[in-house]
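Input: a single structure, listed below in structure tokens.
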Amino acid sequence: MIQRNGRAGSHSTSINIKSGFRITRDLTVIDHIGGTGKVDIYRCRSRSLKRVVACKILLPEKEHDKVVRDALLREGDILQRLRHPNVVGGYSVQAEPYPLVVLEYLEGQSLKNTFFEGNYGAFDIDDFINIVLQLSDALTYVHDQGLLHLDVKPTNVIYNDGQVKLIDFSLAREFTPEHPLRHKSGTVEYMAPEQAFRQDLSYATDVFGLGVVFYRLLTGGRFPYAVIEYLDDKEESLRQLDYKPTPISPSKLNPSVPVAIDPIALRAINPDINERFQTPAEFKATLLAVGCGRHYNHGEDT
Ligand SMILES: Nc1ncnc2c1ncn2[C@@H]1O[C@H](COP(=O)(O)OP(=O)(O)O)[C@@H](O)[C@H]1O
Ligand SMILES: [Mg+2]
């Protein structure tokens with residue numbers, strides 16, 4: 001059990017391990033950088049790696065929660081398999097003495113902090129396109145590894161000086177088109193209907209999450225579909241989600257969006273899975289075909 005020096009409260013996700021605390025012989029805490037109620041994320045120094053890393057660690061009060069514990073260990077196993085410039089790197093995972101995952105530490109801020117709670121006006125359409133192209137590459141790679149991410153959203157993308165990296169594989173699932181997958185976990189505002197209503201998922205399910213991110217970037221943060229939030233009642237929120245009416249075209253909300261982008265942005269969030277881009281690569285290719293992404297150079301060629 002971790003010593004809870006300087007603990008702020010039983011359900012707090014604020015700092016609960018002080019700087020200098022040694023999580024393991026290898027990992028010394030520098031500071032607390034995140035956490036959402038099940039895990040905490042600390043910036044740490046790793047002796048063996050001789051570098052600063054991020055450590056995603058189970059909250060002590062979740063110690064006996066097998067579901068959360070197994071999810072963190074599964075995330076660690078997944079991350080160790082992934083190597084891509086637009087995906088966070090995983091170094092190691094351990095179950096004892098407490099479950100934790102050691103990750104590449106990423107400089108920068110989440111898309112949420114950078115754009116929706118940051119200086120949105122400092123960025124333009126090319127910046128937004130570049131982000132989506134990089135995330136398309138990240139998702140194509142993830143899909144090629146036999147996985148769906150299933151939680152693409154602004155807090156799960158880290159932005160640093162034009163480059164983005166996809167993080168948080170806590171909901172990722174093994175998937176190949178030959179084996180149907182149904183899975184309902186996710187974040188209501190970014191969930192495709194097939195995820196919200198527990199129908200068959202596909203690569204297009206991740207396209208939807210990315211499409212909502214794109215729509216929000218283009219429109220200064222608007223959600224494409226009315227999201228009725230029953231704060232503590234996710235089931236009720238999901239029941240109210242009807243994916244109507246058709247979202248307003250981004251160019252009508254932001255005049256600097258070229259009209260050629262409207263049908264692409266809307267196709268990525270089409271509630272009918274068959275009318276959506278089937279893969280992130282198709283989404284990317286369509287953007288490139290209308291001349292978007294001229295300055296794009298951060299991802300791999302696909
Ligand atoms: N590798 C990392 N480098 C830097 N910051 C990170 C890293 N991983 C997570 N974070 C920070 O912690 C937050 C939560 O991380 P995340 O993996 O999404 O956890 P959760 O599963 O609780 O949502 C992120 O939004 C980000 O601010
Ligand atoms: Mg997250």
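In the chain, if the dipole is taken from +1 on Lys/Arg beta carbons and -1 on Asp/Glu beta carbons about the Cα centre, which of His149, Ser110, Asn130 is farthest to the positive end? Checked the options; the winner is Ser110. Taking every pair of alpha-carbon atoms in the chain, give the share separated by more than 25 Å as a whole percent. Within the chain, distances greater than 25 Å cover 49 percent of Cα pairs. Using Cα atoms only, what is the angle between the long axis of helix 280-289 and the major principal axis of the chain, expressed in degrees (0 to 90) to the nearest 10? Once rounded, the angle reads 50 degrees.
For the chain, the longest principal axis of the Cα atoms and the long axis of helix 203-218 meet at an angle of about 80 degrees.
Give the distance, in whole Å, between the Cα centre of segment 36-104 and the Cα centre of segment 228-262. Spelled out, the Cα-based centre of one part sits 33 Å from the other. The Asp31 and Asp144 beta-carbon pair, evaluated with R₀ = 41 Å, returns a calculated FRET efficiency of approximately 0.70. Take the chain, connect every pair of alpha-carbon atoms lying under 10 Å apart with a spring to form a Gaussian network, then pick out the residue of Glu275, Glu75, Glu235 with the largest mean-square fluctuation. Answer for the Gaussian network model of the chain: Glu235. The ellipsoid equivalent to the alpha-carbon distribution of segment 109-289 has semi-axes of 23, 19, 17 angstrom, derived from the gyration tensor eigenvalues as √(5λ) and listed largest first. Sorting 48-55, 202-209, 126-133 by their mean Cβ neighbour count within 10 Å, with the most densely packed peptide first, gives 202-209, 126-133, 48-55. About its Cα centre, the dipole of the chain is roughly 960 debye, where the only charges are +1 on Lys and Arg Cβ and -1 on Asp and Glu Cβ. Taking Cα centre as origin and charging only the Cβ of basic (Lys, Arg, +1) and acidic (Asp, Glu, -1) residues, the dipole magnitude of segment 109-289 rounds to 200 debye.
Here's the picture: charge each Lys and Arg Cβ at +1 and each Asp and Glu Cβ at -1 in segment 27-104, and of Asn86, Pro99, Ile33 the one pushed furthest to the positive end of that dipole is Asn86. Model label points for Val67 and Val188, set 7 angstrom from Cα along the Cα-to-Cβ axis, are 1.7 nm apart. Here segment 183-243 is assigned +1 on the Cβ of each Lys and Arg and -1 on the Cβ of each Asp and Glu. Its dipole about the Cα centre then comes out at about 200 debye.
Taking 0.36 nm per residue of separation and subtracting the current Cα-Cα distance, fully stretching the chain between Glu107 and Glu229 would add 40.7 nm.
Compute the FRET efficiency between Arg83 and Asp124 as 1/(1 + (r/R0)^6), taking r as their Cβ-Cβ distance and R0 = 41 Å, and round to the nearest 0.05.
E between Arg83 and Asp124, to the nearest 0.05, is 0.85.
Which residues in segment 145-179 place their backbone N less than 13 Å from a point set 7 Å from the Cα of Asn274 along the Cα-to-Cβ direction? Correct set: none at all. Evaluated over the Cα positions of segment 27-104, the convex hull gives a direction-averaged projected area, one quarter of its surface, of 5.2 nm².
Every number in this text was worked out from the coordinates using simple rules, so none of it is lab data. Keep in mind that what you see is a predicted model, and the values were worked out from it rather than measured. In this analysis, Cβ positions are derived from the backbone assuming ideal geometry, glycine residues included, and neighbour counts consider all displayed protein chains.
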